[in-house]
Amino acid sequence: MKENQKVIRSSFWANLFKPPTDKTDLQEILQAIPLFAQLSKRDFSMLFNIIHNRSYVAHEYIFHQGDPGIGLYVIREGEVRIERKLDSAETISLAKFKSGDFFGELALVDDEKRSASAIAESEVKLAVIFKPDLDEFISHFPKRGVKILQGISHVVAVRLRQLNEENIKLQSSIKKHSESKYGT
């Protein structure tokens, strides 16, 4: 290869899913995530068989809004931005995640399309659990699978409660604004 020749990374060819190479750091990250908090060391050794690694370059899409939801992503390194495009073509940033965070967990329980896009803010290394792999894991190890599904349920319940609180605050704010502007 010539010294001044530019290397072009192809997300189609270069970013193939690979099994994890360093299980210790990944296990620490996974143990801190509510989805996997109930799993034992033995459970993790079995779970590692269905975890894949993927790397993304800065500004590369991990998935697009409207794509099929196919898996859960755990950030091993880097930062990921979640954004949603509105009907008006306006884009809003919903969240920024960093090492140790996770996203896409709803794809493990439903077959819906992605409600937002995920974009690598920097070079990112992710651990991925695909829904078909988890479904097979659950059918082979139902007790371990139930622990994971309980973890997912816990995360969804916490997020739903947070959304309910935010909705109540928003409704209260709208009501106060309306009353002050138009009277009661």
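Strands (runs of 3 or more DSSP E) fully within region 34-123 that include at least 1 residues being more than 19 Å from L134 (Cβ to Cβ) and either in contact (Cβ under 8 Å) with a residue 40 or more places away in the chain or touching a helix residue (DSSP H, G or I) at 6+ places or on another chain (Cβ under 7 Å) (or both): 51-56, 61-63, 71-77, 79-85, 117-120.
Residue-by-condition table, conditions (1) surrounded by 13 or more Cβ atoms within 10 Å (Cβ to Cβ); (2) modelled with pLDDT of 90 or more:
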position	(1), (2)
P68	no, yes
Y73	yes, yes
I82	yes, yes
S88	no, no
F103	yes, yes
D110	no, no
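Among residues of region 39-66 being polar (S, T, N, Q) and surrounded by 14 or more Cβ atoms within 10 Å (Cβ to Cβ), the one that is farthest from L108 (Cα to Cα) is S55.
With the condition kept exactly as written, say whether any residue in region 18-28 is outside any strand (DSSP E or B), at pLDDT below 90, hydrophobic (A, V, I, L, M, F, W, C) and under 18 Å from D133 (Cβ atoms). Yes, there is a match, as at least one residue in region 18-28 is outside any strand (DSSP E or B), at pLDDT below 90, hydrophobic (A, V, I, L, M, F, W, C) and under 18 Å from D133 (Cβ atoms). Within region 82-132, the set of residues being polar (S, T, N, Q) and either farther than 24 Å from V158 by Cα or under 13 Å from the mean Cα position of the chain (by Cα) (or both) comprises S88, T91, S99, S115, S117, S122.
The values are calculated or read from the model by the stated rules, or taken from the named source; none is laboratory data. Just so it is clear, the structure is predicted and the values come from calculations on it, not from any experiment. All Cβ positions, even for glycine, are placed from backbone atoms using ideal geometry, and neighbour counts span all protein chains on display.
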